[in-house]
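To start, the structure itself, in structure tokens.
The values are calculated or read from the model by the stated rules, or taken from the named source; none is laboratory data. None of these values were measured; they are calculated from a predicted model. Neighbour counts are summed over all protein chains in view; Cβ atoms, including those assigned to glycine, are modelled from backbone coordinates with ideal geometry. Just so you know, the surface numbers come from the protein's heavy atoms only, side chains and all, with ligands and any DNA or RNA stripped out. Shrake-Rupley method; radii C 1.70, N 1.55, O 1.52, S 1.80 Å.
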Amino acid sequence: MKPILLHPDDNVLVLAQAIHAGQTIEIDGAALAAPHDVAVGHKIARHALSVGDKVLKYGAPIGSMTAPAAPGGHVHMHNMKSDYIASHTRQATGQTTGEPS
Amino acid sequence: MSGLTGFLRADGRKGIRNVVAVAYLVECAHHVARTIVTKSDDADVHLIGFPGCYPNAYALKVMQAIGTHPNIGGVLLISLGCESFNREALRAAIAASGRPVEVLVIQESGGTAETVRKGALAVARLKAVADQTPRAPMDVSELVIGTICGGSDGTSGITANPAVGRAFDRLGAAGAACVFEETGELVGCETIMADRAITPELGRELEASVRKAEAYYTVMGYGSFAPGNAEGGLTTQEEKSMGAYSKSGSAPIVGILKPGDQPVSGGLYLLDVVPDGEVRFGFPNISDNAEIVELIACGAHLTLFTTGRGSVVGSAVSPVIKVCANPETYRKLSGDMDVDAGRIMEGRGTLDEVGDEIFDLVLAVAGGQRTVSEALGHQEFILTYKAFDPIGPACLPLRRVS
């Protein structure tokens, strides 16, 4: 399984299919056993990420790491945050939207 | 050389289609205008119009821009007679561009049946003039290409949108003007966007346009980051916005347009679609076609439309190329899609390959090949009330033109 690299500068990859723990995934030509289950559309670390690292997707910072991630590890709410506005703040206001247009 | 051959208008602009537009100037004239178009039974006679009876400077500007669009070869205006729309100003702008234009006023033309009869004859005359339009070689650098997304889902930001971004980079490098929009979907990436501006002044204008959108949508009761986004793998607001933003590719941003403004050079432009001033008239764009109409008003010869859930629309005046982000949607709606970008999800292609396919298809469609929505007869058009201030001097790519 080869995740999608959106931009050469990125340090996360996007999953085109769900992966299961132990499944072989390919990152930059090297085979790796997935450390855990991750759903389709979610991000995994391209290489080891440390607390405070900017997360780069589309070649742009989309937030910062709040906990480390191993290569192939899931990168999401549990180990990264927005540098712009906390994602939960908007949800807590009760404002929801339909589909993004 | 692109090998393209455009329709050379009297004002020097070049089109990729030769459309005669029938325009209603108030909803009361809609049925008559539509009947004239239907009777013409011609794929290049299109219905456009504005439904409101109250005057609106924005609507006049957009109708003038579309009536003088390079894809337009002639225009028939259908007025009821008592509406506020300034039909003389619209007629004069179209005539000044060298395009043939005729006006029928229903109240003075004997009502529905008689106006339909006269309208059919007028369309035939306009077609005859449009058919005489000379052809001339056209370079990729003379194209204006728009992009929007609609019916988005979790796949849009990782397949179709970045693939369009790659096509935009190639088109821009070839000198085309490329236009992206949806400032309301760009909240969180305004500083990233400002860093791509060719001048610091333009960067500040780009940031201001996103702040304006955020304020406007807040009044309208819209947040942007919904719980469903996180389930789909999106973690932050800026990440979600980057998915929409990725349609713009990676070129420098040379300017900002508002609806009806024309690019003055090649390169990448942001179209600011959110009205200025206090919140009036409701949502900035009530549906995807309202955005497509504004891109066309900025001279877009064609529009790249990315969709995950599966929109089926096309447009009057300028062809729409639909790029489907989701492989499941593509299987369900393949008869409505031009490009299967969702195949990236299944390992049957890369972003670069799909970007190249989109680039090649843009040239083929500019060369006359009908898009799927054109062949199906889609000619959606919607224009509603808005209010804008003119763009500031920092919004124009002066460094490029000088």
Starting from the Cα gyration tensor of segment B:259-324, take the square roots of the eigenvalues, sort them a ≥ b ≥ c, and report rounded, prolate or oblate (rounded when a/c is under 1.5, otherwise prolate if a/b is larger than b/c, else oblate).
-> oblate
Cα centroid of segment B:61-89 to Cα centroid of segment A:17-55, whole Å | 56 Å
At 0.36 nm per residue, minus the direct Cα-Cα distance, what do B:Lys39 and B:Asp195 gain on full extension? Give it in nm, one decimal, please.
-> 51.0 nm
Accessible-area loss of at least 10 Å² in the complex relative to the chain alone (1.4 Å probe) applies, within segment A:34-80, to A:Val40, A:Gly41, A:His42, A:Lys43, A:Lys57, A:Tyr58, A:Ala60, A:Pro61, A:Ile62, A:His76, A:Met77, A:Met80
What is the Cα centroid distance between segment B:275-349 and segment B:230-260, reported in whole angstrom?
-> 15 Å
Whole-percent pair-distance distribution, where bins are 5 Å wide, for the alpha carbons of segment A:12-82 = 4, 18, 31, 26, 16, 5, 0
Could you work out the equivalent-ellipsoid semi-axes for the protein assembly as shown, taking the square root of 5 times each eigenvalue of the Cα gyration tensor, largest first, in whole Å?
-> 43, 23, 20
Between B:Ala10 and A:Asp83, what is the label-to-label distance in nm when each label sits 7 Å out along the Cα-to-Cβ direction?
-> 5.6 nm
Across peptide B:189-197, what mean number of C-beta atoms from other chains lies inside 10 Å of a residue's C-beta?
-> 2
List the pair-distance distribution P(r) of segment B:276-358, using every Cα-Cα distance, as the percent of pairs falling in each 5 Å bin from 0 up to the bin containing the longest distance, rounded to whole percents.
-> 3, 14, 21, 19, 16, 13, 7, 4, 2, 0
With only alpha-carbon atoms counted, please give the Rg and Dmax of segment B:170-293, in Å.
-> 14.6, 43
Among the lysines, select those whose C-alpha is under 21 Å from the C-alpha of B:Lys258, and discard any that sit fewer than 8 residues away in the same chain.
-> B:Lys61, B:Lys212, B:Lys247, B:Lys386
Calculated from DSSP helices alone, with each H run of at least 4 adding -39500 (n - 2.57) and the total divided by the residues of the protein assembly as shown, [θ]222 nm to the nearest 500 comes to -9000 deg cm²/dmol
Rounded to whole Å, sorted largest first: equivalent-ellipsoid semi-axes of chain B, Cα gyration tensor = 33, 23, 21
In µm²/s, what is D for segment B:247-402 at 37 °C and 0.692 mPa s, where D = kT/(6 pi eta Rh) by Stokes-Einstein and Rh is the Kirkwood radius from Cα pairs?
-> 192 µm²/s
Read phi for every residue in segment B:77-84 and hand back ³J(HN,Hα) as whole Hz from Karplus 6.51 cos²θ - 1.76 cosθ + 1.60, θ = phi - 60°, with x for Gly and Pro.
-> 9, 10, 10, 6, x, 9, 5, 7
Neighbourhood charge, 13 Å Cβ-Cβ cut-off, centred on B:Asp356 and excluding it, Lys, Arg +1 and Asp, Glu -1 | -3
Mind checking which lysines have their C-alpha under 23 Å from B:Lys332, skipping anything on the same chain fewer than 8 residues away?
-> B:Lys322
Which order, highest average first, do B:252-260, B:358-366 follow once you tally other Cβ atoms within 10 Å for each residue and take the mean per peptide?
-> B:252-260, B:358-366
Express in nm, to one decimal, how much length is gained between B:Ala375 and B:Cys82 on full extension, taking 0.36 nm for each residue of separation and deducting their alpha carbon distance.
-> 101.8 nm
In Å², rounded to a whole number, the accessible area per residue of chain B with probe 1.4 Å is 35 Å²
Expressed in nanometres to one decimal, the distance between label points 7 Å along Cα→Cβ at A:His7 and B:Ala364 is 3.1 nm
Non-local amide H neighbours of A:Gln17 (under 5 Å, H modeled in plane, Pro and chain starts lacking H): which ones?
-> A:Gly41
Counting only protein heavy atoms with a 1.4 Å probe and every protein chain in place, the carbon and sulfur fraction of the accessible surface of chain B in whole percent equals 54 percent
